[in-house]
Amino acid sequence: MEVAKEGRFVGIDMGKTGYVLRMIDRCGKITGWEGKTNPEGRKELYRRLRAEDKIAIEACNLAFIMNREFKERTGTEFYILNPGKLYQIYMTDKKTDKEDALKLAKEIRDKPEADLPRVFAPTEEMKEMRKVISEYREIVRLHTQRVNRLHTVYEHCGITDMKRSDLKTRTNREKNLGLLSGYEREEAERLMQVIDLLETQKDELEKKIKDAEHSNKKVQAVEQVPGVGKITAYAFVASVGSAERFGNMTQVSSFLGFVPRIDCSSQTVRYGHITKKGNGYLRGLLVQAAWVLVRCRNGGALKEKYHDLVLHGLSKKKAIVAVARKMAGLMYTLLKNGSKYEPRKFVAPLGRTDRLAQLAVAG
């Protein structure tokens, strides 16, 4: 009768081109080795590991690639851990690659699986969507930067009545080029070539996003919310992914950095600014979507909630962040249930109905 092999506790500290591994067997003996992270080095690593091993690795792009490769070979996954929550690694006087790898191994040996700060491994679809939205974000940033630089060229020539909006379309840029001469005209032409290329790339990515808008049911579900356009919906699905990752809307808000910092001391509880953890680009898109929602006619309960918060002394910026947080929760609910969006009336807390009535008359 064949005796089943016992799993070992393995910690892997990743570098740019290499890794350091430390392993603890069931008797407590510590061994390890080092290797390369190139394809040949990874194959050698998988050959030396077992399917029953518990393997911990800090979250990074290569960790997700290795997790997929190892799962395809053995059917088991790595424990991909959030480096921001591995305090025992960073709060130490002795920090080396070997020590970090050993501490990762001890983390999965000493802690129950439910207490490990695991990171969700995105699906191939999510990874592709994240790449698209990441490239789109960068192209938009570069496009804005180049248009601003082109506007500065006109300012340096004394053309101070030129607006940035006058340079956003190719037709207007070519039309206004005649106002320049000499080196400034040459510089403007070079900038226009870069801007035209960026706009072509931007159009290609927007076509990909628009295709997903018609074919991806998750994108269609969250786009039902007023104020949410195709870019915001696409970025939300790319970042949040499957609704099963989260237990409730509060976890989604925490993931997006919309929850406040809490400082508790004795009987005093202070709530600070939002944590701003997670995807800052998506958080910004949701805030922009919230502004669109409160200015449109069919904003529903969220629009009324915004006006109610402002009426009761909250600043507009804080009120819009509160609406964006609720909007994210609503998008999560639609994503989880696959239900159809139905506008609802805002139910004001007791004593606030009179204020909303005043708002309706003023509006």
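Check region 238-245 and report whether any residue there is touching a Leu at 6+ places or on another chain (Cβ under 9 Å), of a type in the set (S, T, Y) and in a loop (DSSP other than H, G, I, E, B).
Yes, region 238-245 has at least one match.
If you take the residues in region 305-341 that are surrounded by 22 or more Cβ atoms within 10 Å (Cβ to Cβ) and not aliphatic (A, V, I, L, M), which one is farthest from S242 (Cα to Cα)?
Only one residue fits best here, namely Y306.
State all residues of region 30-72 that are under 21 Å from G7 (Cβ atoms), touching a strand residue (DSSP E or B) at 6+ places or on another chain (Cβ under 7 Å) and open to solvent by 70 Å² or more (accessible area, probe 1.4 Å); if no residue qualifies, say none.
I30, E44
Go through (1) within 24 Å of the chain's Cα centre (by Cα); (2) exposed (fewer than 14 other Cβ atoms within 10 Å of the Cβ) for Y79 and report which single condition fails.
So the condition that Y79 fails would be (2).
Residues being without any contact (Cβ under 8 Å) to a residue 12 or more places away in the chain and not small (G, A, S): count how many of those fall in region 304-336.
Taking region 304-336 and keeping what is without any contact (Cβ under 8 Å) to a residue 12 or more places away in the chain, we get 310, 313-318.
From what's left, not small (G, A, S): 310, 314, 316-318.
Looking only at that region, the number is 5.
So how many residues does region 264-302 have that are touching a residue at least 24 places away in the same chain (Cβ under 8 Å), open to solvent by 50 Å² or more (accessible area, probe 1.4 Å) and under 24 Å from R344 (Cα atoms)?
Looking only at that region, the number is 4.
Spot the failing condition for R22; the list is (1) among the basic types (K, R); (2) assigned to a strand (DSSP E or B); (3) free of Cβ contacts under 8 Å to residues at least 60 places away in the same chain, and only one is missed.
(3)
Quick one: is A322 closer than 20 Å to V252 by Cα and over 18 Å from the mean Cα position of the chain (by Cα)?
When the stated conditions are applied, A322 passes them.
Please determine whether any residue of region 71-84 is modelled with pLDDT under 90 and touching a helix residue (DSSP H, G or I) at 6+ places or on another chain (Cβ under 6 Å).
Yes, region 71-84 contains a residue that is modelled with pLDDT under 90 and touching a helix residue (DSSP H, G or I) at 6+ places or on another chain (Cβ under 6 Å).
Could you count how many residues in region 146-181 are surrounded by fewer than 12 Cβ atoms within 10 Å (Cβ to Cβ) and in a loop (DSSP other than H, G, I, E, B)?
Total meeting the criteria: 6.
Residue by residue, here is whether (1) over 15 Å from L335 (Cβ atoms); (2) touching a Pro at 6+ places or on another chain (Cβ under 7 Å); (3) among the acidic types (D, E) holds:
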| position | (1), (2), (3) |
| --- | --- |
| E206 | yes, no, yes |
| V240 | no, no, no |
| Q251 | no, no, no |
| C296 | yes, yes, no |
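Taking the conditions exactly as written (open to solvent by less than 90 Å² (accessible area, probe 1.4 Å), acidic (D, E) and under 22 Å from the mean Cα position of the chain (by Cα)), does E138 satisfy them or not?
Spelling it out, E138 is indeed open to solvent by less than 90 Å² (accessible area, probe 1.4 Å), acidic (D, E) and under 22 Å from the mean Cα position of the chain (by Cα).
Kindly list, by first and then second residue, each pair from a residue in region 192-217 that is open to solvent by 60 Å² or more (accessible area, probe 1.4 Å) to a residue that is at pLDDT 95 or above, limited to pairs with Cβ atoms under 6 Å and residues at least 6 apart or on different chains.
From region 192-217, the pairs are V194/R146; Q201/I139; K208/V132.
Give the residue, chosen from A51, A63, that is in contact with a Lys or Arg (Cβ under 9 Å, 6 or more places away or on another chain) and either among the small types (G, A, S) or under 20 Å from K106 (Cα atoms) (or both).
Testing whether each residue is in contact with a Lys or Arg (Cβ under 9 Å, 6 or more places away or on another chain) and either among the small types (G, A, S) or under 20 Å from K106 (Cα atoms) (or both) leaves just A51.
Please find, within region 114-129, the residue that is nearest to F64 (Cα to Cα) out of those that are in a helix (DSSP H, G or I) and open to solvent by less than 80 Å² (accessible area, probe 1.4 Å).
Of everything passing the filter in region 114-129, K127 is nearest to F64 (Cα to Cα).
The values are calculated or read from the model by the stated rules, or taken from the named source; none is laboratory data. Just so it is clear, the structure is predicted and the values come from calculations on it, not from any experiment. A quick note on method: Cβ atoms are made from the backbone with ideal geometry, for glycine too, and the neighbour counts reach across all protein chains shown. For the accessible areas, the whole protein counts, side chains as well, though only heavy atoms, and no ligand, DNA or RNA atoms are used. Shrake-Rupley method; radii C 1.70, N 1.55, O 1.52, S 1.80 Å.
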